[in-house]
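Trainee: One structure follows; several queries about it will come next.
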Amino acid sequence: MQAIPVTTQGVTSLDEASGFHNTPALFFAMDIASYISGFVDGEGCFCVSFIPSKRHRFGWEIRPSFSVSQNGDRAELLYTIQKMWACGYIRPDRSDKTLKYEVRRLRDLVEKVLPHFRACPLVSSKQKDLDLFGEICEMMYHGRHLDNEGFQRIVGLAVQMNPSGKRKYVGSEIVSSLRAGEGIVYATGNRGLS
């Protein structure tokens, strides 16, 4: 974890200012990781999407992603998270006019995002989604999405996540449409690690 600038009063300024100012985003430096987990508990999302694909084994691409949104005029924390984890990107979310910090790269999810939440777990029921998300990412990281049994297990775990969310495809539809698995897995041959 990178050092965050601290003022002489012992607090961190998310915009790296050297003293107190009118920005309400000042936090005690020693607990920024817990603050991030609390913020994500309220505003974050752990998601696993399934996209039909002729390029992928079984006819489906699995896309795990982590995101957290904030109004653009209060986005300092999004930039702090991006800087601390050294991954992901920030983009406008046109659906609700916020900024969204998002991580989709499997290696970053497994090596940077998940370790943060293991050290600073969520306190709401969203922790269950995070546990399922973590299991899916770990399975994919170890190539289990490339065999039929592992793929079906991932589908089963994913449909348990975000029970109030909208799904384009239901799990039974995905499983019943699986191809034999003879197609191209990833065009770049990297098993989704880049």
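Trainee: For a quick check: sort 56, 145 by the number of other beta carbons within 10 angstrom, fewest at the front.
Mentor: Going from sparsest to densest Cβ surroundings: 56, 145.
Trainee: So, how do all the Cα-to-Cα distances of the range 11-176 break down into 5 Å bins, in percent, from 0 on up?
Mentor: Calculated P(r), rounded to whole percents: 1, 8, 16, 19, 18, 15, 10, 6, 3, 2, 1, 0.
Trainee: Between residue 164 and residue 91, what is the FRET efficiency for a Förster distance of 25 Å, r being their Cβ-Cβ separation, to the nearest 0.05?
Mentor: Efficiency for this residue pair is about 0.55.
We did not get these values from a lab; they are worked out from the coordinates using the rules stated. The structure presented is a predicted model; accordingly, all values stated were derived computationally and were not measured. So basically every Cβ, Gly included, is an ideal-geometry build from the backbone, and we count neighbours across all protein chains shown.
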